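Data block below; observations after.
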Amino acid sequence: MNAEDGSQEPPEHARFAAHLAALEQVTDADEEGLVAGVLADPDPVMAGAAVVRHLDRRAEELYAASSWEEWAEAMARVVGDRPFLVRRLREWALFRAVALGLPWEQDDLLASSDWLQLRTAAGSSPGALAVLTERGRTKRIRGTARAGLTRPAPA
């Protein structure tokens with residue numbers, strides 16, 4: 001019960017918290033099955049929100065690791081045709097390419113979401129910063145990229 005107004009917490013809130021807790025603790029071997037199970041929740045919006053948080057956390061951990069490709073392919077199979085989740089995985093792959101100095105296309109970066117452009121603008125890839133300084137979607141993205149270009153290089 002909510003102490004303030006006497007109402008009960010909606011069941012999807014409890015399931016969301018349970019999904020997040022399970023995803024935080026899942027082993028690599030069980031990850032695909034658990035993500036698929038979360039996506040089978042009767043509330044697709046809530047399930048997608050829990051899974052995108054998981055994808056972001058895991059991608060942040062793995063983008064520079066040798067296990068990235070295998071993980072990203074597994075997650076792509078699980079998220080199937082859910083547009084937002086598919087896009088987030090694609091954008092993490094683009095972020096990875098930019099951050100690690102792998103080949104990437106300027107048009108892909110310019111077509112990416114504000115989320116990815118801002119995340120990339122906060123990084124240190126001179127090529128991406130130059131693109132985003134000139135053509136980033138928002139004033140904030142352009143300013144963040146400009147600031148990155150003027151930061152002194154690490155010693």
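In region 111-118 there is at least one residue matching the filter, namely being modelled with pLDDT of 95 or more, surrounded by fewer than 19 Cβ atoms within 10 Å (Cβ to Cβ), within 29 Å of Thr27 (Cα to Cα) and not assigned by TED's automatic domain parsing to the domain that holds Phe16. Take the conditions (1) in the same structural domain as Ala147 (by TED's automatic domain parsing); (2) in a loop (DSSP other than H, G, I, E, B); (3) charged (D, E, K, R); Asp41 misses just one of them, which is (1). Exactly one residue out of Arg90, Arg77 is charged (D, E, K, R), within 30 Å of Gly148 (Cα to Cα) and assigned by TED's automatic domain parsing to the domain that holds Ala36, and it is Arg90. One residue stands out in region 21-38 among those that are in contact with a His (Cβ under 9 Å, 6 or more places away or on another chain) and either touching a residue at least 40 places away in the same chain (Cβ under 8 Å) or part of a helix (DSSP H, G or I) (or both): the one that is surrounded by the most Cβ atoms within 10 Å (Cβ to Cβ), namely Val35. Residue pairs whose Cβ atoms lie under 8 Å apart, sitting 6 or more positions apart in sequence or on different chains, and linking a residue in region 119-138 that is of a type in the set (Ser, Thr, Tyr) to a partner that is not in a helix (DSSP H, G or I), are Thr120/Ser112; Ser124/Arg151; Ser125/Gly101.
Among the residues of region 75-106, what is the count of those that are of a type outside the set (Asp, Glu), assigned to a loop (DSSP other than H, G, I, E, B) and within 22 Å of Ala40 (Cα to Cα)? Residues meeting the conditions: 2. Within region 47-60, restricting attention to residues that are over 12 Å from Glu24 (Cα atoms) and not aliphatic (A, V, I, L, M), which residue is surrounded by the most Cβ atoms within 10 Å (Cβ to Cβ)? Filtering first and then ranking leaves Gly48. Given the criterion out of contact with any Leu (no Cβ under 7 Å at 6 or more places or on another chain) and charged (D, E, K, R), identify the matching residue among Asp108, Asp43. Only one candidate qualifies: Asp43.
Residues considered: Ala64, Ala72. Of these, the only one that is within 20 Å of Leu116 (Cα to Cα), assigned to a helix (DSSP H, G or I), free of Cβ contacts under 8 Å to residues at least 40 places away in the same chain and not charged (D, E, K, R) is Ala72.
The values are calculated or read from the model by the stated rules, or taken from the named source; none is laboratory data. Only a predicted model underlies this, so the values are computations on that prediction, with no experimental measurement involved. A quick note on method: Cβ atoms are made from the backbone with ideal geometry, for glycine too, and the neighbour counts reach across all protein chains shown.
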